[in-house]
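Contents: one structure, followed by commentary.
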Ligand SMILES: *Cc1c(COP(=O)(O)O)cnc(C)c1O
């Protein structure tokens, strides 16, 4: 028996790791064998579980891992993922460069002061792999001036421990129909790449593509893609979804079980604020999930739906911290499975539907489901 069970409760996430493997294989087929796939597993694998997803992704052919934080990379190493290179996509504190070096973790660099400070902390007889980040229009992190790139390259070359492994940028609009902004970003990036190559010779990894660019513009991705959201089977944006040439398999589903079922009289109110009133005799079920699990209150607005016995049922009244109520079509037994994301029979509620309900993007939905909900893998 595991020491810290958090699965006494009847609410759980299922992660279909085969779906993740199939999505990786699909993008690899699309890209051809010269392109390395970096599986992006930041934020606990977009809420799917970073270690499990990373292991499966590697098995399916991903040769690189991407995370946002140094601690996320260390977690993967500590879990036994030793061989696969890992890039931290965010800025690591230069004082922690030695940790990155010890764990063989690649870091993102774009500031002169960063390298100068990091030099003081690293061991000069061990390697630290660096990917230089260029800001070509995302406006987040990255260098914007050619002289900064040249200066960085000079420092990196003068320091034996520092190894230039890659150069990259990040796109701001790859999931939109309009491509003018993206074309401009690529033009700026190409100039940075040309300059870097002219200065230092060839660079092992040159990359800019996220899921949207990898899937929508295959064949234009240099030699590495950073594959995140679509590895999980989700589209980067709902309106450009028709432009995605492979059929993605969603990996995550969310389920619970009814803990209470009752018949209420007409005009009975449900939940905080008594905002819902039964219009006739109704069967109401209680589901043990709430905003304390990341199942946001907004889900119940406009009577968002869940699945019970293969039928769509509206959420009624306000979602509480740990529980919510749904309107059932008829009496069903306590313990009946409720599917909040996923399918039952011929009905399916996709992450995309939940994202639209919450007026947000697909990414936010699995990330918001917190660790109070246990994950099970199949
Ligand atoms: C998160 C992230 C990605 C992955 O993007 P998706 O749209 O999820 O494929 C790629 N690159 C960087 C720098 C990121 O932060």
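Of note:
- Beta bridges by DSSP in the chain, antiparallel share as percent, to the nearest 5: 50
- Rounded Å value of the spacing that divides the Cα centres of segment 287-366 and segment 16-88: 29
- Ordering of 235-243, 125-133 by burial proxy (mean other Cβ atoms within 10 Å per residue, highest first): 125-133, 235-243
- In segment 24-118, Cα pairs under 8 Å separated by at least six residues give a relative contact order of 22 percent.
- By the count of neighbouring beta-carbon atoms within 10 Å, fewest first, 283, 114 end up ordered 283, 114.
- In the chain, the DSSP-assigned H stretches of four residues or longer account for a calculated mean residue ellipticity at 222 nm of -8000 deg cm²/dmol, using -39500 (n - 2.57) per stretch and the full residue count as denominator.
- Length-normalised contact order of segment 17-233 in % [C-alpha pairs under 8 Å, at least 6 apart]: 20
- The chain: most fluctuating residue of 306, 264, 88 per GNM, C-alpha cutoff 10 Å: 264
- Size of the chain as Cα extents on the principal axes (Å, biggest first): 79, 49, 37
- Whole-number D in µm²/s for segment 252-377 (Stokes-Einstein; Kirkwood sum over Cα pairs; 10 °C, 1.306 mPa s): 109
- Principal axis analysis of the Cα atoms in segment 17-233 yields extents of 44, 42, 27 Å, listed in decreasing size.
- Shape of segment 10-95, Cα gyration tensor, a/c cut at 1.5: oblate
- Burial ranking of peptide ranges 202-214, 38-50 (average Cβ count within 10 Å, highest at the top): 38-50, 202-214
- Rounded, prolate or oblate (a/c below 1.5 giving rounded, otherwise prolate when a/b exceeds b/c) for segment 76-124 by Cα gyration tensor: prolate
- Compared with the dominant Cα axis of the chain, that is its longest principal axis, helix 180-200 is turned about 40°.
- The packing ranking, built from the mean of other Cβ atoms within 10 Å per residue, places the peptides 215-225, 14-24 in the order 14-24, 215-225, highest first.
- Under the criterion of Cα pairs below 8 Å and six or more residues apart, the relative contact order for the chain equals 18 percent.
Taken together, the values in this text are just the output of simple stated rules run on the coordinates, not laboratory data. Owing to the predicted nature of the structure, the values given are computational and were not obtained by experimental measurement. Ideal geometry is used to build each Cβ from the backbone, glycine not excepted, and the neighbour counts take in all protein chains shown.
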